[in-house]
Amino acid sequence: MKSLCIKTNNDNIISYLLEKFSSLNIDSIYISNHKFKIYENVIVHFMSENTDFFYDKIASILTNAIIHFYQEKLLKRILEYNYFYFSLPEKKIILQISNDFIEEDAITTDDNFFAIYYAILDYIKQNKSLVLDGFVNFRLQNYMKNLDYIIDISVNKYLIEKEYNEFVSILKLYVSMTPFNSPLIHLIYHNGESILLDIDKNIIPVEDEIFKAKYLSDISFSSNDYALNTLLNLTPKKLIIHLIDNEHNDEFINTLKLIFENRYEICTDCNICSTFKLSTSHLQS
């Protein structure tokens, strides 16, 4: 017979564990719940020789319990300790970025699961009781390293997005306050590259010398930074963006929309669009 006593005073965790163990529906597993001196105890007895099966089920259930009940608290703890200088609203944003990253990245989710799972598996093979809070705080070094890394990359992502938003705000203000230097500019966008045309549909040379690029920041929106710089020098009254590939959600196009606000128009079907679509199809054939 193999037995394990799981100690915690969190009623929600106790209910969770009792439900998960009971849902196994295995005759050889017996579960009980008792209050001793300090802790509530969930006690599991396994009356079979298949100990590997027992350890796997216990470790899996406890791993999911730790992720469900502790992960958010641990992320907050790391954030508070390493990045205490951020404001409360900023910390909430960073925490949300961290949670989104974990949810969307399958490799990270698996890494977190198995970092906990193997730590639990190793422990319960050698011990008959486990104090859940103590185990989480002192025996999950690899898992904590994972969470620490997740917070770090979330902070970096937040800072990049913050710089991007601040830079766009400055350019938006600049455009709104600068007199028009051009009545109309066409921007032809195809395969991630830009071509600028003036009101007479003549090609506008794009300034590509870095020392003359006044409006570029340390962050790179795309390979079209110099096209953006040229647009800001010309400050058109109207900007028509011709999307040859219908790339509405492209990062560069979204940046232009933010900066030029009510002064841009999206076009996907006009004479200019048709001409460029035709020329690109000839080049590809």
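A short reminder: the numbers here are calculations on the coordinates, not readings from a lab. Remember, it's a predicted structure, so these values are computed and weren't measured experimentally. Cβ coordinates were reconstructed from backbone atoms using ideal geometry, including for glycine residues, and neighbour counts include every protein chain displayed.
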If one compares the long axis through the Cα atoms of helix 225-234 with the longest principal axis of the Cα atoms of the chain, the angle in degrees, nearest 10, works out at 40
Just order 231-244, 105-118 by mean Cβ neighbour count inside 10 Å, highest at the front, would you?
231-244, 105-118
Only helical DSSP H runs with n ≥ 4 go in: add -39500 (n - 2.57) per run for the chain, normalise by residue count and round the 222 nm mean residue ellipticity to 500 deg cm²/dmol.
-18500 deg cm²/dmol
Distance violations [Cα-Cα > 19 Å] among 172/201; 73/157; 92/172; 7/37:
172/201; 73/157; 92/172
Could you state the angle between the C-alpha long axis of helix 51-82 and the longest principal axis of the C-alpha atoms of the chain, as a value from 0 to 90 degrees rounded to the nearest 10?
50
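Mind ranking 92-100, 191-199 by how tightly packed they are, going by the mean number of other C-beta atoms within 10 angstrom, highest first? Before the final figure, lay out each step's value.
Details: 92-100: 16.8, 191-199: 15.2.
Top of the packing list down: 92-100, 191-199.
Which FRET efficiency value, to the nearest 0.05, is calculated for residue 195 and residue 265 with the Förster distance at 22 angstrom and r the Cβ-Cβ distance? Show your work: numbers first, answer last.
Working: r = 17 Å, r/R0 = 0.76.
Here the calculated transfer efficiency is 0.85.
Quick one: net charge around residue 66, please, counting Lys, Arg +1 and Asp, Glu -1 for every other residue with C-beta under 13 Å from its C-beta. Could the numbers behind the result be given before it?
Working: positive: 20, 73, 139; negative: 72, 133.
For residues surrounding residue 66, the net value is +1.
Just want the ordering: 177, 1, 144, from fewest to most Cβ atoms lying within 10 Å of their own Cβ.
Numbers: 177 8, 1 11, 144 17.
Ranked by crowding around the Cβ, least crowded first: 177, 1, 144.
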Final fewest-first order of 31, 203, 14, 66 on the 10 Å Cβ neighbour count is 203, 31, 14, 66
Please work out the C-alpha center-to-center distance from the range 11-30 to the range 251-270 and express it in whole Å.
56
Relative to the longest principal axis of the C-alpha atoms of the chain, give the angle of the C-alpha long axis of helix 141-177, reported between 0 and 90° and rounded to the nearest 10°.
20
